[in-house]
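Here is the structure we will look at, set down as structure tokens.
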Amino acid sequence: MMTLYLAVPCYNEEAVLQDTTIKLLKKYKQLITEKKISDESRIVYIDDGSKDKTWEIISALHEANPYILGLKMSRNRGHQNTLYGGLMTLKDHADAVISIDADLQDDINAIDEMVDKYYQGCDIVYGVRKQRTTDTFFKRFTAESFYKILEAMGGEVIYNHADFRLMSKRALDAFAEFKEVNLFLRGMVPMVGFKSDTVEYERLERTAGESKYPLTKMLALAWQGITSLSIKPIRMIMWLGIIIFLLALIFGIYTLITFFCGATVSGWASIFISVWALGGLQLFAIGVIGEYLGKVYLETKHRPRYIVDKFLQ
Ligand code: UDP
Ligand code: MG
């Protein structure tokens, strides 16, 4: 029988923790009585430096229930770093770890099937959303565009998969070999390989509390995803430069011909437009290169990706 750990990142989640705990414990009891997971299996809440009562609630839940553990990060570092820290801390305690958001928007009934696939020999099982009917139009539109852009940019991601997945200890050990500090987990995990599968589920609405992913954070994650996974934007800019240079050449020849044919030069507008267009393009190009340079800078620093404050176990 396998020991399953659940890694649940929590940032200011005091509104959902009680309810989440009731549902997760029920699921665990069921899986344990069905002899699908061992009695050593645990649910681990990972506090990402919350400013509300999240850690107090986690500590109290841990006191009251042997199945619940708490991991406290030293400060707020964001969802990706927190989850990574959790996975790396828990991999030595379990046969497999499933990551899931604290609001349980991802259907916990998919866990059964993930465990079944683990027994069938899968090292990674991706939870994939069937449809996004419960998301607002805006969230659905932005999220789907994000996957499409990422794919076009050469990132290998599983469509409609966020961070609800099972990873075996073997997969996590392999994942620990990825040393980058710019984390975009759902793009990195597929690089691990091994036998993998997907499980479909319906995404539910957040029961309480607010989304901790406002538009600014979503855009930041999308940008992180694109620039951490591919160098295509830099290449595209190079090609843009070449094309514009060729166009300028053709245009130059054309103006020379018209000049020798005696046509008068009148065209402040066209000069102004091209100066501004090229100026903007150059700034944009420098910006993209700067972004990658910044990433290289961060990677060379080898800063820790997470720091654990406390582990209640
Ligand atoms: N989260 C975190 N650190 C942060 C922001 C979010 O650990 O800085 C956690 C949050 O507690 C939740 C998960 O990341 O468990 C996903 O956040 P949320 O459900 O708010 O995002 P959404 O479902 O709206 O995309
Ligand atoms: Mg959510």
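Annotations for the structure displayed:
For (1) among the β-branched types (Val, Ile, Thr); (2) exposed (fewer than 11 other Cβ atoms within 10 Å of the Cβ); (3) under 24 Å from the mean Cα position of the chain (by Cα), each residue gets a yes or a no:
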residue	(1), (2), (3)
Met218	no, no, yes
Leu229	no, no, yes
Arg235	no, no, yes
Leu240	no, no, no
Leu256	no, yes, no
Ala277	no, no, no
Glu291	no, no, yes
Tyr306	no, no, yes
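- Restricting Ser38, Ser50 to those that are more than 14 Å from ligand 1 (Cβ to nearest atom) and of a type in the set (S, T, N, Q) reduces the list to Ser38.
- Looking only at residues in segment 134-173 that are within 16 Å of ligand 2 (Cβ to nearest atom) and assigned to a helix (DSSP H, G or I), the one that is surrounded by the fewest Cβ atoms within 10 Å (Cβ to Cβ) is Phe138.
- Between Phe245, Phe260, the distinction of being under 25 Å from Val288 (Cβ atoms), of a type in the set (Phe, Trp, Tyr), out of contact with any Lys or Arg (no Cβ under 9 Å at 6 or more places or on another chain) and free of Cβ contacts under 8 Å to residues at least 24 places away in the same chain belongs to Phe245 only.
- Any hit, segment 238-256, residues being more than 30 Å from Ser145 (Cα to Cα) and of a type in the set (Ser, Thr, Tyr): yes
- The C-beta contact set for segment 113-142 (first residue without any contact (Cβ under 8 Å) to a residue 24 or more places away in the chain, second residue not in a helix (DSSP H, G or I), distance under 7 angstrom, 6+ apart or interchain) comprises Arg140/Arg132.
- Unique residue being acidic (Asp, Glu) and surrounded by 19 or more Cβ atoms within 10 Å (Cβ to Cβ) when the list is Glu34, Glu13, Glu56, Glu40: Glu13
- Restricting segment 86-102 to residues that are more than 10 Å from ligand 1 (Cβ to nearest atom) and surrounded by 22 or more Cβ atoms within 10 Å (Cβ to Cβ) leaves a set whose member that is farthest from the chain's Cα centre (by Cα) is Ala94.
- Lone qualifier among Tyr159, Tyr201 - being of a type in the set (Ser, Thr, Tyr), over 22 Å from Thr21 (Cβ atoms) and touching a residue at least 24 places away in the same chain (Cβ under 8 Å): Tyr159
- Scope segment 34-79; condition under 21 Å from Met114 (Cα atoms) and among the aliphatic types (A, V, I, L, M); matching residues: Ile37, Ile43, Val44, Ile68
- Flag: Ile98 does not match the condition of being touching a helix residue (DSSP H, G or I) at 6+ places or on another chain (Cβ under 7 Å), free of Cβ contacts under 8 Å to residues at least 60 places away in the same chain and closer than 27 Å to Asp123 by Cα.
- Candidates in segment 103-120 are the residues that are of a type outside the set (Asp, Glu) and either within 16 Å of ligand 2 (Cβ to nearest atom) or farther than 16 Å from Phe194 by Cβ (or both); of these, the one that is surrounded by the fewest Cβ atoms within 10 Å (Cβ to Cβ) is Asn109.
- Residue match in segment 195-203 (condition: under 25 Å from Asp103 (Cα atoms), out of contact with any helix residue (DSSP H, G or I) (no Cβ under 8 Å at 6 or more places or on another chain) and within 16 Å of ligand 2 (Cβ to nearest atom)): yes
- Some residue of segment 82-102 being in contact with a Gly (Cβ under 9 Å, 6 or more places away or on another chain), within 16 Å of ligand 2 (Cβ to nearest atom) and among the charged types (D, E, K, R): no
- On inspection, Asp52 qualifies as acidic (Asp, Glu) and under 23 Å from Thr207 (Cβ atoms).
Every read-out reported here was derived from the displayed coordinates using simple, explicitly stated rules and does not represent laboratory data. Predicted, not measured: the structure shown is a model, and the values here were computed from it. A quick note on method: Cβ atoms are made from the backbone with ideal geometry, for glycine too, and the neighbour counts reach across all protein chains shown.
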